[in-house]
Amino acid sequence: MSLDTERPEEFSLFDPRRRVDPYPAYAALHAVGGPEARLRRTAFGPWLSPSHGVCAQVLRDPAFGRAEQPDDGRTRSFLALNPPDHTRLRRLAAKAFTPRLVEALRPRIERLADELLDRALREPEFDLVREFAHPLPVIVISELLGVPAEDRDRFAAWSQALARGIDPEFLLPPETLAVLDAARAEFDGYFRELAARRRAEPAADLLSALVAVCDEGESLSEAELTATCTLLLIAGHETTVNLIANGVLALLRHPAELAWFRAHPEAAPQVVEELLRFDPPVQLTMRTALRDAEVEGRTVAAGEQVLLLLGAANRDPAVFAEPDRLDLRRSAEAERHLAFGLGIHFCLGASLARLEGQIALAAFARRVAAPRLGDAGPVHRENLILRGPAVLPVRHG
């Protein structure tokens, strides 16, 4: 790949050194000013935008969608599809994420948060990701889908592989692609087996409901069923893990803001919105022009891709005052963030992720006395698109 090194403001998005803190590079892009700060051609092919306005326009515009996928025999989840298949499959999955059903999960999530912290706080230092941020959303989405508790450890490695596979395939080494293919096969086999069990013995879970639809023979094929379950399981916890871990890390680095949150626990909803803006779990996404489209007075031709830097858009100075400052009192302004996307691909589980984030972060602020980073500091994941700590040591007391 050839990257333009003559223009210092056009940085390599694929440099692993930038994954720990990409925000100075985003600020440099905004500082260029003029049309180039909103939409530009990259030296490596796609258009690129750090602009909140451009990102919002492209995400909403039906002229943009997912790239046409090669016919390799795989059945893809609705995340990778365009209407009408995307609409049909998303509508089925959305039945599990109505406001009423999500709110009904609140008592269970609150109990889980307290139980996990009870165990973590037995030690003077604990890994927040392993002990808290990861297990909480995994348990919630597993119970929602109907995955037995004894099976959760089975899919931990598969889940990590698929999360890594969200990154563009040309950036992944052959050995990672091989692990990714194996994880897809393992998940497919697992959900086929579990679906057969639910077909024989239905339960009050989402998988049983999807099996019933599948058996009607019109709305959902067996392959679509397993692809949908895999997506819901991965998307249902991977982004929330990072929401919680990124949020705790930001609070530890801004003790005055953490103290304010501790004194105002009722502000948890606005706190989560600001943390999503400040350091979103999903840093970027791609859209492909399905037909010629006009953006910023320029034509993006059919088939061309636009790389949308959501992390940069969330710190666009044209939209957010002092965008690099964490301000838990930002309130309505923070809600303009693009952490969950916009348009038809707006995150299906956003309401659940918000609820889990509010409960988890409020519990952390309330229960962890004098928290501070462990001496080793955080270790960030290798992922490009999904950003967050793989390890986050927290000392307390």
Can you confirm whether segment 378-387 contains a residue that is closer than 27 Å to Leu105 by Cβ, touching a residue at least 12 places away in the same chain (Cβ under 8 Å) and of a type in the set (A, V, I, L, M, F, W, C)? yes
Please go through segment 314-335 and pick out each residue that is more than 20 Å from the chain's Cα centre (by Cα), of a type in the set (Lys, Arg) and crowded, with 16+ Cβ neighbours inside 10 Å. Arg330
Suppose the filter is touching a residue at least 40 places away in the same chain (Cβ under 8 Å), hydroxyl-bearing (Ser, Thr, Tyr) and closer than 28 Å to Arg354 by Cβ; does Thr240 pass it? yes
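When the residues of segment 359-377 are narrowed to those that are surrounded by 21 or more Cβ atoms within 10 Å (Cβ to Cβ) and of a type outside the set (Val, Ile, Thr), which ends up nearest to His254 (Cα to Cα)? If you could, list the steps in order and put the result at the bottom.
Of all residues in segment 359-377, those surrounded by 21 or more Cβ atoms within 10 Å (Cβ to Cβ) come to 359-365, 368.
Narrowing the set further to residues that are of a type outside the set (Val, Ile, Thr) leaves 360-365.
Details: Ala360: 18, Leu361: 14, Ala362: 15, Ala363: 17, Phe364: 15, Ala365: 13 Å.
In this case the residue turns out to be Ala365.
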I'd like to check something: does segment 128-143 contain any residue that is more than 22 Å from Ala365 (Cβ to Cβ) and either at pLDDT 95 or above or over 18 Å from the mean Cα position of the chain (by Cα) (or both)? yes
Given (1) crowded, with 19+ Cβ neighbours inside 10 Å; (2) over 17 Å from Leu39 (Cβ atoms); (3) at pLDDT 95 or above, index of the condition Leu338 fails: (2)
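Please verify whether Val102 is within 20 Å of the chain's Cα centre (by Cα), surrounded by 14 or more Cβ atoms within 10 Å (Cβ to Cβ) and of a type outside the set (Ser, Thr, Tyr), treating the condition exactly as stated.
On the way: within 20 Å of the chain's Cα centre (by Cα): yes; surrounded by 14 or more Cβ atoms within 10 Å (Cβ to Cβ): yes; of a type outside the set (Ser, Thr, Tyr): yes.
Considered against the rule, which asks whether it is within 20 Å of the chain's Cα centre (by Cα), surrounded by 14 or more Cβ atoms within 10 Å (Cβ to Cβ) and of a type outside the set (Ser, Thr, Tyr), Val102 comes out as yes.
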Looking only at segment 170-190, and only at residues there that are surrounded by 12 or more Cβ atoms within 10 Å (Cβ to Cβ) and charged (D, E, K, R), the one that is nearest to the chain's Cα centre (by Cα): Arg184
Anything in segment 91-116 that is under 19 Å from Phe346 (Cα atoms), touching a residue at least 40 places away in the same chain (Cβ under 8 Å) and of a type in the set (A, V, I, L, M)? List them, or say none. Leu92, Ala93, Ala94, Ala96, Val102
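To keep it simple, each residue is scored yes or no on (1) part of a helix (DSSP H, G or I); (2) closer than 26 Å to Ala195 by Cα; (3) touching an Asp or Glu at 6+ places or on another chain (Cβ under 8 Å).
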{"site": "Arg74", "(1), (2), (3)": "no, yes, no"}
{"site": "Arg88", "(1), (2), (3)": "yes, yes, no"}
{"site": "Leu101", "(1), (2), (3)": "yes, yes, no"}
{"site": "Arg111", "(1), (2), (3)": "yes, no, no"}
{"site": "Arg122", "(1), (2), (3)": "no, no, no"}
{"site": "Phe155", "(1), (2), (3)": "yes, yes, yes"}
Hey, does segment 222-230 have a residue that's surrounded by 13 or more Cβ atoms within 10 Å (Cβ to Cβ) and farther than 27 Å from Val282 by Cβ? yes
Scan segment 1-35 for residues that are surrounded by 10 or more Cβ atoms within 10 Å (Cβ to Cβ), at pLDDT below 85 and in a helix (DSSP H, G or I) and report the count. 3
Is there a residue being part of a loop (DSSP other than H, G, I, E, B) and either in contact with a Cys (Cβ under 9 Å, 6 or more places away or on another chain) or closer than 17 Å to Val147 by Cβ (or both) anywhere in segment 177-196? no
Within segment 222-242, can you find the residues that are touching a helix residue (DSSP H, G or I) at 6+ places or on another chain (Cβ under 7 Å) and not aliphatic (A, V, I, L, M)? Glu222, Glu224, Thr226, Thr228, Cys229, Thr230, Gly236, His237, Glu238, Thr239, Thr240
Residues of segment 51-75 that turn out to be modelled with pLDDT under 95 and crowded, with 17+ Cβ neighbours inside 10 Å, as a count: 2
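Hey, among Pro83, Pro62, Pro99, Pro50, which residue is under 23 Å from Asp316 (Cβ atoms) and not basic (Lys, Arg)? Show your work before the answer.
Numbers: Pro83 fails: under 23 Å from Asp316 (Cβ atoms); Pro62 fails: under 23 Å from Asp316 (Cβ atoms); Pro99 fails: under 23 Å from Asp316 (Cβ atoms).
The unique qualifying residue is Pro50.
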Among the residues of segment 371-390, is there at least one that is part of a loop (DSSP other than H, G, I, E, B) and touching a His at 6+ places or on another chain (Cβ under 6 Å)? yes
All-but-one check, Glu123 against (1) surrounded by fewer than 17 Cβ atoms within 10 Å (Cβ to Cβ); (2) in contact (Cβ under 8 Å) with a residue 40 or more places away in the chain, failing number (2)
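The values are calculated or read from the model by the stated rules, or taken from the named source; none is laboratory data. Just so it is clear, the structure is predicted and the values come from calculations on it, not from any experiment. Note that each Cβ is placed from the backbone with ideal geometry, even for glycine, and that neighbours are counted across all protein chains shown.
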